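Below is one structure, written out as structure tokens; the observations come after it.
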Amino acid sequence: MTTSALENDNDKNSSNIRWGIVGLGDVVQKKSGPPFYKCKGSQLVAVMRRTPGKAKEFAETMVPKENHCVGYESLDELLKNPKLDAVYVSTRPGAHLEICTKVAAAGKACYVEKPVGRCTEETQAIIDIFAKANLPLYTAYISRAYDKTQAVRNLLMAGDDCPIGDRLTKVSYTLIGTGGARDMDGEQLPWRLDAEQSGGGLIMDVGCHVLDRIDYLCGPLMNVKGEAENKHSHKQRVEDFVHLTATIGDTSDRPSANKLVTRKGASVECTWDFASPDQPPCDRLLLEGPKGSLQMVGMSPNAPIEIYDTNGKLVKTLEFEMPEHTAQALIQAVTNDLLAKRENDKKENNAMEQPDLLSFGDNAVRTQTVLDSVLNSYYGGREIGYW
């Protein structure tokens, strides 16, 4: 941890983490921007967008005045803000490496949107940059912090009362449709379907969320096999269909491993069909065990969890409220962690317990490795520059 990451000479006694945002697209407007001035212990002091006047407009009209937020059109100028502690990178993945390199060079902690990179090699490069600078790096896999996800986790930790039994036997996921991906109706090719900007098709923007959640709830995906095709979308170069199989690996190194049902060896099968003209929309995540199953909509933060017995009878339904800002729970956890690091540094104590819902580089690179495994043959390789 460098001193400049969480405090600066102008205001060492600030009780908040002072954030800057790079990129002010649609995700920031509703999902992830407001939490930076609404979360406890968080303050939004700087925003940046290259379009002339847009960052200034955002700072003046969207951010409460007590934040003293400043709008910039240059990343270099934003990083000179003396109050800045940490930066949220919310640009297209193709720009992440360049921006994160500058953020780390400026000595700032970072929270970067998913997918972190366009491939495993690029993701690992970003992780290594912050590790070398001894700076915190968090990744925006927000669905692990949903109340709904935590409810599934609690069910899997219920011991003899776990509704699926004492072990997980199968995980399956099916998505037919776009999974709520934004900006898919314009005349121009959406950036999410441009591999140079996104890393691939919608599997990179949408599929990574479910893969990270399976990793979080069940364990790492091992022995991954799969395929990617362009079945329906001949006007685009990227894939629109992905299928994979895997098994759940060892989780004994995770702090809470002994509290959960046995998961190692469970089978995994996932299918994404983003552009099928024939099949009705479907979004279903299923966790099965010897006593029953948990079923839910995979891409929804609040759709109910349904508990079934082995005969397929609905036993119970758990319902959830829609969060005002879907990223807020994870951003609050990240802010809390940065505040705890600040206090820990003052005490010169290196031992600090972190909540296991936080998302870091390690889970991001595991998810990207799974994606590269199934996309490799389609792109003829997944090293930096494959696009």
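The values are calculated or read from the model by the stated rules, or taken from the named source; none is laboratory data. The structure displayed is predicted, hence computed values, not measured ones. Using ideal geometry, Cβ is built from the backbone for each residue, glycine included, and neighbour counts are taken over all protein chains shown. All accessible areas refer to the heavy atoms of the entire protein, side chains included, with ligands and DNA or RNA removed. Shrake-Rupley method; radii C 1.70, N 1.55, O 1.52, S 1.80 Å.
Quick notes on this one:
- Between the residues Asn336, Ser276, Leu137, the greatest Cα displacement towards the positive end of the dipole of the chain, with unit charges on the Cβ of Lys, Arg, Asp and Glu, is found for Asn336.
- Amide H within-cut-off set for Ile176, under 5 Å, with H built and near neighbours excluded: Asp273, Cys282, Asp283
- Most mobile listed residue (Pro35, Pro220, Pro290) in the chain, GNM with C-alpha springs under 10 Å: Pro290
- Cα centroid separation - segment 111-129 against segment 367-387, whole Å: 14 Å
- Arg366 sits with roughly 80 Å² accessible to a 1.4 Å probe, with DNA, RNA and ligands left out of the calculation.
- More than 17 Å apart - percent of Cα-Cα pairs taken over segment 1-151: 60 percent
- Shape summary of the chain, radius of gyration then Dmax from alpha carbon positions: 21.0, 65 Å.
- In segment 195-280, the portion of solvent-accessible area held by carbon and sulfur atoms comes to 46 percent [1.4 Å probe, whole percent, DNA, RNA and ligands not counted].
- Simple label model, 7 Å out from Cα along Cβ direction - Lys259 to Ala340, nm: 1.2 nm
- Per residue accessible area of the chain, 1.4 Å probe, in Å²: 45 Å²
- Taking Lys and Arg as +1 and Asp and Glu as -1, the other residues whose beta-carbon sits under 13 Å from that of His232 total -3.
- With the gyration tensor restricted to C-alpha atoms of segment 297-387, the semi-axes of the equivalent ellipsoid amount to 32, 29, 13 Å, longest first.
- The stretch between Gln279 and Thr245, if pulled fully straight at 0.36 nm per residue, gains 10.1 nm over its current Cα-Cα span.
- Under 12 Å, Cβ to Cβ, from Gln150 - net charge with Lys/Arg +1 and Asp/Glu -1: +2
- GluC sites (Glu not before Pro) restricted to segment 253-337 and DSSP loop, no more than 11 other C-beta within 10 Å: Glu319, Glu321, Glu324
- Cross-link table Lys38/Lys235; Lys38/Lys114; Lys56/Lys148; Lys83/Lys347, entries beyond 32 Å C-alpha to C-alpha: Lys38/Lys235; Lys56/Lys148
- Of all DSSP bridge pairs formed entirely within the chain, close to 55 percent run antiparallel.
- Size of charge dipole - the chain - debye, nearest 20, with Cβ of Lys, Arg +1 and Asp, Glu -1, no other charges: 520 debye
- Restricting segment 205-309 to trypsin sites (Lys or Arg not before Pro) in coil, as DSSP defines it, with at most 10 other Cβ within 10 Å: Lys235
- C-alpha long axis of helix 120-132 to longest principal axis of the chain, angle in °: 40 degrees
- Crossing angle, helix 328-346 versus the chain [Cα axis fit, 0-90 degrees, rounded to tens]: 50 degrees
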